[in-house]
Amino acid sequence: MTQTQSEYEPSAIEHARRSFRIQRKRKSTLVAIASTLLFSLVVAIGLVSTPGWERVTESFFNIEVGIEAFPRILEGIWLNLRVLFFTTISVVVFGLLLALLRTLRNPVFFPLRLFAHGYVDFFRGLPLIIVLYIVGFGIPGLRLEWLGRIPVEVLGTVALTLTYSAYVSEVFRAGIESIHPSQRLAARSLGLSYGKSMRLVVLPQAIRRVAPPLMNDFVALQKDVGLISVLGAIDAVRGAQIEVATYANFTPYVLAGILFVLLAIPTVRFTDRISAKLAQREQSGSAL
Amino acid sequence: MTDIDWSKPRLRATGIRKNYDERVVLGGVDLEVYPGQIVALIGSSGSGKSTLLRCLNLIEQIDDGQIWLEDQDISAPEVDQDLVRQEIGLVFQSFNLFAHLSILDNITLALRHVQGKSKEEAESIALRWLDRIGLADKSHSYPDKLSGGQQQRTAIVRAVALNPKLLLLDEVTSALDPELVGEVLELIRDLKQSGTTIVMATHELSFARDVADWVIFLDKGVIAEEGEAVEFFRNPREARTKEFLARLSGR
């Protein structure tokens, strides 16, 4: 019977090494705390001692104005959330579709491939705000009676989808191309068709691999939904703007900003967790 | 040992040619494989062994010649290649197990999605095979948790579970640590006992002598010499063959 690790008594040298490591760790923790405190203190003193500090706190961090403006901003962020929900779904669908079109090799699909290529180039280059204006004011301007009056949040969702699908499709494509050809070869040699080997073998591995950059794009999307305010949708940003005009005070903007950050934190944490888990899986055993 | 049915070849290939641009990889190869027979392909790296196996599985498109699987001309352009490939299993040097699937799911994937078997039926077939190779307790492990030998045995079982008419093995022991080679060869021996028809490219000459019925020596894309296994190794006729055998056994 071999001894288990918990029964094993380390040598004196190992004991010395361990206590040295503990001491060193304690020391660096203390240094980190001290430098953080010092840095915060310098920044705080620097800010408070500026000549305009009092006026800035009054117009950006006014608690009464914040409380007054809060309901409207909250109502606005609910609209942002709904737009985010539908945009995310349509971006995943269209992004994946574009990526798949670009991987098709059969000459028959050349026009589709060309379209996907052109689309991705075009919408990655075009500023989102211009897409919003063109879609938001261009489509209603066509006066298509049978469509009725399209709500601005729908137009905003369409514009965001157009732009973000282009980015996300590139992430998907990179994932698909990162899967070693031997995986597809193995699938085909078992008799799986092109479509099935893509769906059952390549895509599951590709999506897992690109999860972190994909989530990053969705964090970016989360704050860009605030841009639908340029179309006149009463979202958190637009709501804040109205309140700013009412009170002649900038606090509502700060409040809306804080809400957007709070909204992003769960997604960001989730992304970090996924990345860490993947990294652990791929380099299990190594400490570096 | 199973008896070999010499009446009708399981696979027949004539005049197989394959070029990569200007380079001729296969310069007209003829091949006949009979039911229950094991054919060993030997030859140095670059002699065209792997390419020949890939052509037979239709993973590579041939540039001339014809291939018949029993009565069907599988080199005809209108043939459904996916249908043919499930009849001809191919196992690779680098295993190529699906990294995102458990051992069990690696085997059931094609049973379910190519042969249309139910999940239960596919799993019972897969578990029977895993039991046979002693890996039943690993059925829910992922490929990266298995040794090379275990991965390669799983890859072979993944192909034979589809009950193919022909099994192609492409240097299946070449990427393994020496102490893991034995367990894979043992499985191939076991498959021969149960009558599987196999064409294998290999560097394991003593194994080829023990297990193969027929040996083909490929040199620069053509068959330099072929013959009944024991006789081939005892009395090689061609100078090239003698030189190759001497070089390998002299290692």
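What the table below lists for this structure:
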{"read-out": "Low-density loop cleavage sites - GluC sites (Glu not before Pro) in segment B:158-251, where at most 15 other Cβ are within 10 Å (DSSP)", "value": "B:238"}
{"read-out": "For segment A:118-203, average projected area of the Cα convex hull in nm²", "value": "7.9 nm²"}
{"read-out": "Helical mean residue ellipticity (222 nm; -39500 (n - 2.57) per DSSP H run of 4+; nearest 500) of chain B", "value": "-10500 deg cm²/dmol"}
{"read-out": "Accessible surface of segment A:79-232 [probe 1.4 Å, protein heavy atoms]: carbon and sulfur percent", "value": "70 percent"}
{"read-out": "For chain B: accessible area per residue (Å², 1.4 Å)", "value": "44 Å²"}
{"read-out": "Value of [θ]222 nm, deg cm²/dmol, for chain A, DSSP H segments ≥ 4, -39500 (n - 2.57) each, nearest 500", "value": "-25500 deg cm²/dmol"}
{"read-out": "DSSP loop trypsin sites (Lys or Arg not before Pro) with at most 12 other Cβ within 10 Å excluded, longest remaining stretch of chain A", "value": "A:150-288"}
{"read-out": "For segment A:82-161 versus segment B:196-251, the gap between their alpha-carbon centres in whole angstrom", "value": "61 Å"}
{"read-out": "Positions from segment B:93-125 whose accessible area shrinks by 40 Å² or more when the full protein complex is built, not the chain alone, probe 1.4 Å", "value": "B:96, B:98, B:100, B:109, B:113, B:114"}
{"read-out": "Segment A:9-82: chymotrypsin sites (Phe, Trp or Tyr not before Pro) in DSSP loop, at most 15 other beta carbons within 10 Å", "value": "A:61"}
{"read-out": "Whole-Hz ³J(HN,Hα) from phi, Karplus 6.51 cos²θ - 1.76 cosθ + 1.60, for segment A:253-263, glycine and proline x", "value": "4, 4, 4, 4, x, 4, 4, 4, 5, 4, 5"}
{"read-out": "Long-range Cα-Cα pairs in segment A:130-288 (distance over 19 Å), rounded percent", "value": "70 percent"}
{"read-out": "Qualifying GluC sites (Glu not before Pro) in segment B:1-79, DSSP loop, other Cβ atoms within 10 Å at most 15", "value": "B:22, B:70, B:78"}
{"read-out": "Whole-Hz ³J(HN,Hα) from phi, Karplus 6.51 cos²θ - 1.76 cosθ + 1.60, for segment B:142-148, glycine and proline x", "value": "9, x, 5, 8, 9, 6, x"}
{"read-out": "For segment A:79-232, accessible area per residue (1.4 Å probe, heavy atoms of protein chains only), Å²", "value": "49 Å²"}
{"read-out": "Amide H contacts under 5 Å for residue B:63, placed H, 5+ residues apart", "value": "B:17, B:18, B:19"}
{"read-out": "Per-residue HN-Hα couplings for segment B:5-10 [Karplus 6.51, -1.76, 1.60; θ = phi - 60°; Hz; x = Gly/Pro]", "value": "8, 8, 6, 8, x, 6"}
{"read-out": "Percent carbon-and-sulfur accessible area, chain B, ignoring ligands, DNA and RNA, probe 1.4 Å", "value": "44 percent"}
{"read-out": "Total accessible area lost when B and A pair, probe 1.4 Å, Å² to nearest 100", "value": "1800 Å²"}
{"read-out": "Distance violations [Cα-Cα > 20 Å] among B:49/B:220; A:196/B:192; A:196/B:117", "value": "A:196/B:192"}
{"read-out": "Share of pairwise Cα separations in the protein assembly as shown, more than 42 Å, in percent", "value": "46 percent"}
{"read-out": "Cα shape, chain A, gyration tensor, a/c 1.5 rule", "value": "oblate"}
{"read-out": "Semi-axes of the equivalent ellipsoid for chain B, Cα gyration tensor, largest first, Å", "value": "29, 22, 17"}
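The values are calculated or read from the model by the stated rules, or taken from the named source; none is laboratory data. Here the structure is a predicted model, which is why all the values come from computation and not from measurement. Glycine also receives a Cβ, built like all others from the backbone with ideal geometry; neighbour counts cover every protein chain displayed. Side chains included, ligands, DNA and RNA excluded: accessible areas come from the protein's heavy atoms. Shrake-Rupley method; radii C 1.70, N 1.55, O 1.52, S 1.80 Å.
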